[in-house]
């Protein structure tokens with residue numbers, strides 16, 4: 001069963017990841033990331049020093065200055081073409097299905113439709129025309145060192161959802177994707193009071209429940225981490241690291257919401 005608003009959740013999840021990444025950079029006196037924008041530009045290098053627990057092979061690195069290359073299944077020009085078609089749909093305010101029928105990118109469903117197209121998922125209204133920009137982008141980044149498979153290298157970390165966040169290009173790529181959504185959002189009218197008010201429903205109280213109400217205590221904790229499968233040490237056997245990390249006491253949110261009407265309401 002497909003999740004409700006799956007396309008919108010695709011946008012929201014990755015937008016939040018990029019926001020967190022930029023916050024981490026700023027807190028370490030680093031500038032905000034530069035969004036990816038040019039499919040022909042030389043890329044920054046990255047060496048993961050990781051191996052897959054599935055096949056035991058090392059994830060391929062990306063030498064400094066490498067560029068995206070065509071693969072047998074998809075070309076760099078395909079990605080550029082899909083980007084232009086998506087931007088055209090945003091500017092026109094509608095997408096076209098494979099029968100030529102138009103579907104409006106309206107205020108209520110537009111971002112969900114767009115998310116399904118950009119990802120793309122099985123919900124895409126026309127994957128033949130709009131392609132799979134996000135997914136194939138990941139694949140091309142992962143294959144920069146061996147795009148045609150002649151060396152039979154394991155792909156890079158961008159090919160795996162469990163490891164792709166380790167590569168800085170992940171965040172630049174997703175800021176590029178997020179910019180497409182922001183381009184769409186600029187076409188929408190401002191929210192009205194009725195959009196935000198949710199009449200008849202009110203929040204009566206909010207409380208953070210912990211050892212002490214509305215106070216969350218943090219502390220440093222010493223732990224042991226097994227990194228045997230995280231790095232390629234060139235040896236077998238367990239490798240463990242003792243480290244300090246920030247932790248917090250358990251807490252929950254208690255939100256009391258009142259519905260003044262007689263019917264069940266859904267936000």
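Every read-out reported here was derived from the displayed coordinates using simple, explicitly stated rules and does not represent laboratory data. Nothing here was measured: the structure is a model prediction, and the numbers come from that model. FYI the Cβ positions are ideal-geometry reconstructions off the backbone, even for glycines, and counts take in every protein chain you see.
The mean of 1/r over all pairs of different alpha-carbon atoms in the range 107-172, once inverted, gives a Kirkwood hydrodynamic radius of 13.2 Å.
Based on the mean of other beta carbon atoms within 10 Å per residue, what is the order of 179-186, 131-138, most packed first?
Values: 179-186: 15.2, 131-138: 20.8.
Output ranking for 179-186, 131-138: 131-138, 179-186.
Could you grab the relative contact order for the chain? Cα pairs under 8 Å, six or more apart, rounded to a whole percent. Don't skip to the end; give the middle numbers.
Details: 377 pairs, mean separation 52.1, N = 267.
20 percent.
Remark: relative contact order (the range 1-88) = 19 percent; criterion is Cα-Cα distance under 8 angstrom and separation of 6 or more residues. Normalised by the number of residues in the range 196-259, the average gap of Cα pairs under 8 Å and 6 or more apart makes the relative contact order 50 percent.
Pull out a ≥ b ≥ c, the square roots of the eigenvalues of the alpha-carbon gyration tensor of the chain, then state rounded if a/c is under 1.5, prolate if not and a/b is larger than b/c, and oblate in the remaining case. Intermediate values should be presented prior to the final figure.
On the way: a/c = 2.22, a/b = 1.10, b/c = 2.01.
Judged from the Cα gyration tensor, the chain comes out oblate (a/c at least 1.5, b/c at or above a/b).
The alpha carbon gyration tensor of the range 130-267 gives principal lengths a ≥ b ≥ c with a/c of 1.5 or higher and a/b no greater than b/c, which makes the shape oblate. Projected label points at residue 103 and residue 242, each 7 Å from Cα along the beta carbon direction, are separated by 5.7 nanometres. When you count the other C-beta atoms within 10 angstrom of each residue and take the mean per peptide, 189-196, 117-124 line up highest first as 117-124, 189-196. Taking the chain as a Gaussian network of alpha-carbon nodes connected by springs under 10 Å, the highest mean-square fluctuation of the residues 25, 222, 81 belongs to 222. The GNM of the chain, with springs linking C-alpha atoms under 10 angstrom apart, assigns the highest mean-square fluctuation among 161, 187, 236 to 236.
For the range 1-121, the Cα-based Rg and Dmax, in that order, read 18.3, 52 Å. Using just its DSSP H runs of length 4 or more, each adding -39500 (n - 2.57), the chain gives a mean residue ellipticity at 222 nm of -10000 deg cm²/dmol after division by all residues.
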